[in-house]
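A short worksheet on the structure shown next.
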Amino acid sequence: MYLYETLMEECNGKDIEVYEKKMKNKGLYGDNIIWINKSLPTSTEKYSILAEELGHYYTSIGDITDQSKLVNRKHEKRARAWAFEKAVPFKKIVQAHKESVKNKYELAKFLGVTESFLEGALDRYKEKYGDTVDYENYTVCFEPLGVIEWFDKNF
């Protein structure tokens, strides 16, 4: 099962209706309904957008479409951060390293997200953690992107 279907199942489990239709925006969430632009060319793009819209379900309240308001931009950022952590978790970055993924293009493909979504996730992680973060027996580096495996955690 590909990732878009997995998120669709999560939506179904939360009684969130998801519709694909032609629209100006890539995606929109409101009142337990997510609309995804039917014109998006790939399931990878649809997955990336669905993850963000699902992030609004978990993190946002009310109508935040007016992005000129600071509070709405904060809700948007929070929803994106949720989506990044859902679709680009450290566990998967480490798994990609173990499977010899060599660059951001390959990593985005491995994760099933667009390259721009991956870049957004990495930027968010740098903002939150700095240049690196320790995860289990690894250090994930964001700039340059890489994973360092520790010899011994107690060393």
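The values are calculated or read from the model by the stated rules, or taken from the named source; none is laboratory data. In this text, all values refer to a predicted model and were calculated from it rather than measured experimentally. Methodologically, a virtual Cβ is constructed for each residue, glycine included, from the backbone with ideal geometry; neighbour enumeration extends over all protein chains shown. All accessible areas refer to the heavy atoms of the entire protein, side chains included, with ligands and DNA or RNA removed. Shrake-Rupley method; radii C 1.70, N 1.55, O 1.52, S 1.80 Å.
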Search result, residues across region 81-102 that are more than 17 Å from SER48 (Cβ to Cβ), free of Cβ contacts under 8 Å to residues at least 40 places away in the same chain and either of a type in the set (Gly, Ala, Ser) or open to solvent by 60 Å² or more (accessible area, probe 1.4 Å) (or both) = GLN95, LYS98, GLU99, SER100, LYS102
Considering only helices (runs of 4 or more DSSP H) fully contained in region 40-102, which possess at least 3 residues that are farther than 30 Å from ILE148 by Cα?
-> 43-59, 70-87
Where residues in region 104-147 are in contact (Cβ under 8 Å) with a residue 40 or more places away in the chain and part of a loop (DSSP other than H, G, I, E, B), which of them is surrounded by the most Cβ atoms within 10 Å (Cβ to Cβ)?
-> VAL113
May I ask you to list the residues in region 37-49 that are crowded, with 17+ Cβ neighbours inside 10 Å and either touching a residue at least 40 places away in the same chain (Cβ under 8 Å) or over 19 Å from GLU115 (Cα atoms) (or both)?
-> THR44, GLU45, LYS46, TYR47, SER48
Residue by residue through region 1-36, note down the ones that are touching a Lys or Arg at 6+ places or on another chain (Cβ under 9 Å) and surrounded by 18 or more Cβ atoms within 10 Å (Cβ to Cβ).
-> TYR4, LEU7, GLY27, TRP35, ILE36
Only one of (1) closer than 30 Å to TYR129 by Cβ; (2) outside any helix (DSSP H, G or I) fails for LYS24. Which number is that?
-> (1)
